[in-house]
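Here the structure comes first, spelled out in C-alpha cells, and everything after it is commentary.
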Amino acid sequence: MTYRIFHLGIEIENTLGEQVSEFAERIFDLYTEMENSVRDLTGEISGALTIGASTTIAEYMLPALLGEFKNQYPDINLRLKVSNSEGIVSMVEHNVIDLGIVEAPVTNKNLIVEVCHDDHLVVVTAPNHELARRGTRVKPAELIQYPFVCREEGSGTREVITQYLIDQNVNPAEMNYCMELGSPEALKGAVETDMGISILSRSTIVKELKLNTLAELQLDPSLSRPFSFVRQRQKFRVRIMEELLEFAHAYCQRQK
C-alpha cells in the first residue's frame, strides 16, 4: 500500500510508509495544538490563508465577506485564487489552496464539504424579450425554444443547470446553446443585447434589475444550489481557518 503525506508532498510504500505517515500526522497535530494554545494565551489571530473561490462567489459574495473579516482581523493576510468550481476543487485536492468555496456538488469523499449559503437561480432575459413581457414562471421545457447563453464546461453554474434539466426530464442536448462564456459579467452583457436568454444567480443581477437592463423570471419548479466550503480531510486546521469558517457561517446566516 502507498501512503501519501499531503503536507510534505511525498509518497512512501509498505510498513515504513505507514509508520512515517502516523508520526507525521502526530507531529502536525501537536504543532496545531501548540500554535492554537499560544494564540489563545496571547489573543493573537494572525498568519496567512490562501482561499480559492469559483467565479460567481469571488465576484459577488466574497468581497463583502472578506472585507468585514479583514476589518475584524487586520493582521491576517488573505490570498484569493479564482477559477471555476472544477478548478477550485482540483486546487484543494493538490494543496494549492487551504480552503475552497464552490457552487457545484463535490464528489471527492476525501474532502470535507460544509454548506454555507443557498443561492437562488432565475431565468434572465433582455427587458423587451417575449418571456419578460409575458411575466409568468418559466417551465424547464420552454427553455429549448430560445437561444441560450451558457457558462463554460467545468462551471458550477452550468453543472447545476444541466442537472436541473435532467431532473425535469429535459434533454440538455436539445438546448439551443448559442454562446459559451467564461464569466457572469460576459454572460449578462450578451443577454442585455438580446443574443439569448440564460439562467443566473439572482445575486449577480441586482444592479441590472435596478437599472432595468435585464429582466428576471422564476423557474417552475424553482432552482437553488448550495455554496460550500471545501477543504482537505487530512489537513490540520490552524486558528485562522477556524476563525474564517466561523465568521463566514455567521455572515451567511445574516444574509438570509
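The values are calculated or read from the model by the stated rules, or taken from the named source; none is laboratory data. The model shown is predicted, which means the values in this text are computed figures rather than measured ones. Glycine gets a Cβ as well: all are built from the backbone with ideal geometry, and neighbour counts include every protein chain shown.
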Identify, please: which residue in the stretch 55-87 is of a type in the set (Asp, Glu) and touching a residue at least 40 places away in the same chain (Cβ under 8 Å) and is, among those, farthest from PRO105 (Cα to Cα)?
GLU68
Condition first: within 20 Å of GLU103 (Cα to Cα), assigned by TED's automatic domain parsing to the domain that holds ARG151 and part of a helix (DSSP H, G or I). Now tell me which residues in the stretch 201-248 satisfy that.
ARG202, SER203, THR204, VAL206
Which number in (1) more than 21 Å from the chain's Cα centre (by Cα); (2) over 30 Å from ARG26 (Cα atoms); (3) of a type in the set (A, V, I, L, M) marks the one condition that LEU187 misses?
(1)
For the stretch 114-138, give me the residue count where each residue is modelled with pLDDT of 95 or more and either among the small types (Gly, Ala, Ser) or over 20 Å from ASP194 (Cα atoms) (or both).
3
Grab the helices (runs of 4 or more DSSP H) fully contained in the stretch 48-165, keeping just those with 1 or more residues being assigned by TED's automatic domain parsing to the domain that holds ILE199 and crowded, with 17+ Cβ neighbours inside 10 Å.
130-134
If we keep just the residues of the stretch 65-95 that are in contact with a helix residue (DSSP H, G or I) (Cβ under 8 Å, 6 or more places away or on another chain) and aliphatic (A, V, I, L, M), which is nearest to GLY156 (Cα to Cα)?
VAL82
Can you pull out every residue in the stretch 234-256 that is at pLDDT 80 or above and among the charged types (D, E, K, R)?
GLU242, GLU243, GLU246, ARG254
Does SER90 satisfy being without any contact (Cβ under 8 Å) to a residue 24 or more places away in the chain and small (Gly, Ala, Ser)?
yes
Here are the criteria: (1) in contact with a Cys (Cβ under 9 Å, 6 or more places away or on another chain); (2) not in a helix (DSSP H, G or I). Tell me which single one LEU187 does not satisfy.
(2)
